[in-house]
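Asker: Take a look at the following structure, please.
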Amino acid sequence: MSAVPGARLFAPIRVVSPATGRLLAEVPDEGEGGVERALAAARAAAPAWGRLGLAGRAAALRRWRDAVLDDREVVETLVAESGKPRHEAEGVEILYLCEVIRFSARAARRVLKEETRNPFLFVTKKTRLVRHPLGVVGVIGPWNFPILNNSADCVAPLMAGNAVVLKPSEVTPLTSLRLAELWRKAGNPDGVFQVVTGRGETGAALVDRADGVMFTGSVATGRKVAARAGERFIPCVTELGGKSPFVVLAGADLDRAAEAAVFSGFIHSGQACIRTERIYVEESVADAFETRLVSRVNALRQRAPDARGDSAHDLGAVTFPRQVAVVERHLADALAKGARVLTGGNRRDDLSGSFFRPTVIAGATHEMEVMREETFGPLVPVMRVRDAEEALRLANESHLGLNATVFGPPEAAFDFARRLGSGQVIVNDVLVNYLIVEAPLGGWKASGLGVRHGVEGMRQWTRTQAITVRRPLLAPIERLVARYLAFPYNPKVLALLRRVMRLLYRSSLSAKLRSR
Ligand code: NDP
């Protein structure tokens, strides 16, 4: 129950397996009251966490990682609430958490260290950059990757010395709760990493109170979160939808391209932000590519993950059942406008949960919703294009710009990649760029602002303080300069200043000086 006077109470959240329809658990919607309690505990815990220093925080994150690696329950919880194959639960989500912790723990020394900047003009000074944590960072996660876009996004802010409050999606909160338990089991301090369960209003309450926000989800909600963060002047990173193009140029290795298109189109039943959402293939290789694509899709094994821990299938359930309705809407619109189904095209009535057959359609055009709006489900449209220029124009014709893939001769593909309006591009491969945690990853256009990963993805969870001090040996010169620059102003000094400025900055003179 909420401890905050006047705070609203909400019905508990029923967490249901998308693969079987079975009720897994009920969790509270903690609302504003839960957020306030978590924030108070986080603020109390943050100073000691900061004082642990980089080595102490890295050790705590590694202990947490070890506890996760030794735990079977976290895998089973993730599989049960998301409906994804165990291979993806472990081989994508847990692998990613391990990799983010490895990188953050090592890179922090370099990324967060204090540094000195030497001024050109005021040679008597030096400026020291000190990086302070923001305080408490709120992480708001989606339902498609209950570790990767939830707890794993807490690692960089934690390493930077912040306490973190995570609000997972109401659809898949159980994995995050297990990760919070494992944090405690690893002997790590209370209050530093907390999970608050709830619906959208709980997320909004977190944005209202945190000192920084990391949000992953839809464009519509991301816009609200960024607007509120803007009002509060707090840093906010948003990773929103994608409509990633996959371009097949003439000269591409078609076997590899088809294999990669299937993997990136149907990973987690198409519920991934950087997945392939639309394919453009040059006319000259289109028949050969489509044949290869369809035969590989037909070989995919789709079913509910079973209780025995068997992972011999490729596609599980659609985690968020409403997503099936989006797939059906996009498919119906495309068929009405002239597309044709190459394989798939309907729900799996033989399975009890939320399943849609992996579907490929050909003859797609930009008149169709499926080429413009995020589908986020197991439907991949293929459009034929005259040449690379047409592919480029159409690939860039989107309000989103998160990720893109190009298959083709390496040099041509790289040149093509540079001209794409997308924060990430991967050449002759798919998806693995998400696991290259050394490089910043963020969207352009309505796909969001800011990045995760890399130096940039960690430093943003600090505020930089620039402290300027005098170089002790140069104090006499400084007193002289101060006499000329400060009050009382003197016309003779101004005349001298003019001459110095011309000497330093006037192009022709400074060039002459440089050439000597
Ligand atoms: P949302 O953007 O609505 O939800 C993402 C997270 O934000 C959830 O934890 C949600 O809570 C929370 N939230 C909702 N409203 C607010 C608010 N006003 N302030 C703060 N937090 C809030 O995404 P959906 O889950 O509804 O998915 C809708 C669409 O978004 C999908 O169809 C897909 O196209 C896209 N999507 C993109 C993702 C990506 O990886 N880029 C991931 C997931 C979805 P709660 O779930 O409890 O409502």
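Asker: Is there a residue being in a helix (DSSP H, G or I) and either within 12 Å of the ligand (Cβ to nearest atom) or within 26 Å of Asp71 (Cβ to Cβ) (or both) anywhere in the stretch 190-199?
Answerer: No, the stretch 190-199 contains no residue that is in a helix (DSSP H, G or I) and either within 12 Å of the ligand (Cβ to nearest atom) or within 26 Å of Asp71 (Cβ to Cβ) (or both).
Asker: Residues of the stretch 146-168 being part of a helix (DSSP H, G or I) and of a type in the set (A, V, I, L, M, F, W, C), which ones?
Answerer: Residues satisfying the conditions are Ala152, Cys154, Val155, Ala156, Leu158, Met159.
Asker: Can you find a residue in the stretch 273-288 that is among the β-branched types (Val, Ile, Thr), farther than 20 Å from Glu369 by Cβ, surrounded by fewer than 24 Cβ atoms within 10 Å (Cβ to Cβ) and within 16 Å of the ligand (Cβ to nearest atom)?
Answerer: So far as the stretch 273-288 goes, no, none of its residues is among the β-branched types (Val, Ile, Thr), farther than 20 Å from Glu369 by Cβ, surrounded by fewer than 24 Cβ atoms within 10 Å (Cβ to Cβ) and within 16 Å of the ligand (Cβ to nearest atom).
Asker: Go over the candidates Phe246, Phe266 one by one and state the one that is buried (at least 24 other Cβ atoms within 10 Å of the Cβ) and closer than 30 Å to Glu73 by Cα.
Answerer: Testing whether each residue is buried (at least 24 other Cβ atoms within 10 Å of the Cβ) and closer than 30 Å to Glu73 by Cα leaves just Phe266.
Asker: Sort through Thr462, Thr468 and tell me the only one that's at negative phi, more than 16 Å from the ligand (Cβ to nearest atom), touching a residue at least 40 places away in the same chain (Cβ under 8 Å) and loosely packed, with under 15 Cβ neighbours inside 10 Å.
Answerer: Thr468
Asker: Which residue pairs have Cβ atoms under 7 Å apart, sit 6 or more places apart or on different chains, and have a first residue in the stretch 494-516 that is farther than 14 Å from Phe120 by Cβ and at pLDDT below 90 and a second that is in a helix (DSSP H, G or I) and of a type in the set (A, V, I, L, M, F, W, C)?
Answerer: From residues that are farther than 14 Å from Phe120 by Cβ and at pLDDT below 90, the pairs are Leu509/Leu503.
Asker: I'm checking my understanding of the structure. Among residues of the stretch 226-240 that are touching a helix residue (DSSP H, G or I) at 6+ places or on another chain (Cβ under 8 Å) and surrounded by fewer than 22 Cβ atoms within 10 Å (Cβ to Cβ), which one is farthest from Val297 (Cα to Cα)?
Answerer: Arg232
Asker: Right, next: Please go through the stretch 319-361 and give me each residue that is among the charged types (D, E, K, R) and in a loop (DSSP other than H, G, I, E, B), ordered by number.
Answerer: Lys337, Arg348, Asp349, Asp350, Arg357, listed by residue number.
Asker: Looking at Val430, Val451, Val437, Val469, which is the one that is within 21 Å of Ser218 (Cβ to Cβ) and β-branched (Val, Ile, Thr)?
Answerer: Val451
Asker: Only one of (1) modelled with pLDDT of 95 or more; (2) within 16 Å of Phe266 (Cβ to Cβ); (3) touching a helix residue (DSSP H, G or I) at 6+ places or on another chain (Cβ under 6 Å); (4) not hydrophobic (A, V, I, L, M, F, W, C) is not met by Pro305, so which one is it?
Answerer: Every listed condition holds for Pro305 apart from (1).
Asker: Can you work out which of the residues in the stretch 120-168 that are under 26 Å from Glu81 (Cβ atoms) and away from the ligand (no atom under 16 Å from the Cβ) is farthest from the chain's Cα centre (by Cα)?
Answerer: Ala163
Asker: Something else about it: What are the residues in the stretch 210-222 that are surrounded by 15 or more Cβ atoms within 10 Å (Cβ to Cβ) and in a helix (DSSP H, G or I), if any?
Answerer: Once the filter is applied, which keeps residues that are surrounded by 15 or more Cβ atoms within 10 Å (Cβ to Cβ) and in a helix (DSSP H, G or I), the stretch 210-222 yields Val219, Thr221, Gly222.
Asker: Under 8 Å by Cβ, and 6 or more places apart or on different chains, what pairs join a residue from the stretch 192-204 that is among the basic types (Lys, Arg) with one that is more than 7 Å from the ligand (Cβ to nearest atom)?
Answerer: Arg199/Phe10; Arg199/Ile13; Arg199/Asp29
Asker: Here is a check on your reading of the model: is Glu181 outside any loop (DSSP other than H, G, I, E, B) and modelled with pLDDT of 95 or more?
Answerer: Yes, satisfied.
Asker: Further question on the same structure: Which one of these is among the charged types (D, E, K, R) and closer than 17 Å to Ile147 by Cα: Arg228, Arg178?
Answerer: Arg178
Asker: While we're here: Give the residue that is farthest from the ligand (Cβ to nearest atom), with candidates limited to residues of the stretch 322-348 that are touching a residue at least 40 places away in the same chain (Cβ under 8 Å) and touching a Gly at 6+ places or on another chain (Cβ under 9 Å).
Answerer: So, considering only residues that are touching a residue at least 40 places away in the same chain (Cβ under 8 Å) and touching a Gly at 6+ places or on another chain (Cβ under 9 Å), the one farthest from the ligand (Cβ to nearest atom) is Ala339.
Asker: Okay, moving on. Answer with yes or no whether Thr291 is more than 15 Å from the ligand (Cβ to nearest atom) and either over 19 Å from Phe416 (Cα atoms) or out of contact with any Lys or Arg (no Cβ under 7 Å at 6 or more places or on another chain) (or both).
Answerer: Yes.
Asker: Here are the criteria: (1) within 16 Å of the ligand (Cβ to nearest atom); (2) closer than 25 Å to Leu69 by Cβ. Tell me which single one Phe103 does not satisfy.
Answerer: Of (1) within 16 Å of the ligand (Cβ to nearest atom); (2) closer than 25 Å to Leu69 by Cβ, only one is false for Phe103: (1).
Asker: Pick from Val171, Val225, Val207: which is assigned to a loop (DSSP other than H, G, I, E, B) and within 7 Å of the ligand (Cβ to nearest atom)?
Answerer: Val171
Asker: Can you pull out the residues in the stretch 428-459 that are buried (at least 19 other Cβ atoms within 10 Å of the Cβ) and among the aromatic types (Phe, Trp, Tyr)?
Answerer: Across the stretch 428-459, the qualifying residue is only Tyr434.
Asker: Something else about it: State the number of residues belonging to the stretch 230-272 that are assigned to a helix (DSSP H, G or I) and either within 16 Å of the ligand (Cβ to nearest atom) or touching a Pro at 6+ places or on another chain (Cβ under 6 Å) (or both).
Answerer: Here the count works out to 10.
Asker: Of the conditions (1) in contact with a Leu (Cβ under 7 Å, 6 or more places away or on another chain); (2) away from the ligand (no atom under 16 Å from the Cβ), Glu438 fails just one. Which one is it?
Answerer: Every condition holds for Glu438 apart from (1).
The values are calculated or read from the model by the stated rules, or taken from the named source; none is laboratory data. In this text the structure is predicted, and so the values were computed from the model without any measurement. Using ideal geometry, Cβ is built from the backbone for each residue, glycine included, and neighbour counts are taken over all protein chains shown.
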